[in-house]
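The values are calculated or read from the model by the stated rules, or taken from the named source; none is laboratory data. Since this is a predicted model, take the numbers as computed values, not measurements. Virtual Cβ from ideal backbone geometry, glycine too; neighbours counted across all protein chains shown. Accessible surface is based on the protein model in full, side chains and every heavy atom, while ligands, DNA and RNA are left aside. Shrake-Rupley method; radii C 1.70, N 1.55, O 1.52, S 1.80 Å.
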Amino acid sequence: MSERASAFVPGHVTGFFSVVRTDDPTTTGSRGGGIALSDGVRVTVEPAPETTITLDGRTVQIEAVERVLDALAVEAAVTGETDLPIGAGFGVSGAMALGAALAANAVFDRRLSRDELVTIAHGAEVQAGTGLGDVVAQAAGGITLRLEPGGPMENRLDAVPTRSRVEYVTFGELDTATVIGGDTDRLSEAGNEGLSTVVAEPTVAEFMYASRRFAREADLLTETVRDVITDVAAADGEASMAMLGETVFALGDGLSAAGYDPQVCQVDPAGATLVDGRHADREGPPLSTGTSQ
């Protein structure tokens, strides 16, 4: 057992998705596509007499993290740090769950494989009702296309090759559990169409087109988000809505060209990873690799 371990998990914005439910949380999930971000969450785990969870210095309850620790049969202090907006479509709960799984496995010497840990974190998110596909995509990195639902042992992944700049602006929160817990037939039909479109032509342009069409056809666009996307299009850029939050993302400089002041990062190519434990007690580099403009 080591004193502590840390993991970095990229943020994730989903462009389109469809919901698939089974009796098993590890095979329940979503098909769809999304982008792993170099802006993410650093999660540190230390042994503790009882489990506590903090995020950016505040004590919080994150059911998915609690379920991960229960599955590993450990008590720990879990600390998350992020520059990402909370509850705005960046997969922070999934990042906390996955980071906790990776770091706790190292701290408590559970010796589980990466796929096993991702499966535990995915199942915990599904049971908590806070996500259906973020964890698998955050583990993989890049622009992922999830061809099948569920954890990594069930899910087949494809990808859109790119190392693009990403911009985003956030205007508020949306309740993920309300959307994915209700009637998702219309949403899933639109998500399946989006996935088919991008699989047939796996380019950044098709990904953005499919994402915009999904947001419109799934009836998820808010007035604010619609106006921003329209502004970006008028500036010859491409933008869409992050699922599920009142957030607009663009690849390249679409938002800044349209006159907005976005946060800037990159597509994260590597996915979730442990941070070298030798540096755990030292102040690390900034969590965000980009800067606001």
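For the chain, what % of the accessible area comes from carbon and sulfur atoms, probe 1.4 Å? If you can, show how the numbers build up before the last one.
Numbers: 5660 of 12380 Å².
On the chain, the fraction of accessible area on carbon and sulfur atoms equals 46 percent.
Sort out the exposed loop GluC sites (Glu not before Pro) in the chain (DSSP loop, at most 15 other Cβ within 10 Å) and tell me the longest stretch that has none.
Segment 76-282 is the longest.
Between the range 111-177 and the range 1-57, how many Å separate their Cα centres?
8 Å
Just one of [x] 17.9, 56; [y] 23.7, 82; [z] 24.5, 79 is Rg and Dmax of the Cα atoms in Å as worked out from the coordinates here. Which one is it?
The value matching this structure is [x].
Just the ratio, please: alpha-carbon radius of gyration of the range 1-139 over 2.2 N^0.38 Å, N its number of residues. The partial results should precede the final answer.
Values: Rg = 13.8 Å, N = 139, 2.2 N^0.38 = 14.3 Å.
Dividing the Cα Rg of the range 1-139 by 2.2 N^0.38 Å gives 0.96.
So how tilted is helix 63-72 from the main axis of the chain? Cα-based, degrees 0 to 90, rounded to 10.
40 degrees
Leaving out ligands and nucleic acids, and using a 1.4 Å probe, what accessible area per residue does the range 102-207 come to in Å²?
43 Å²
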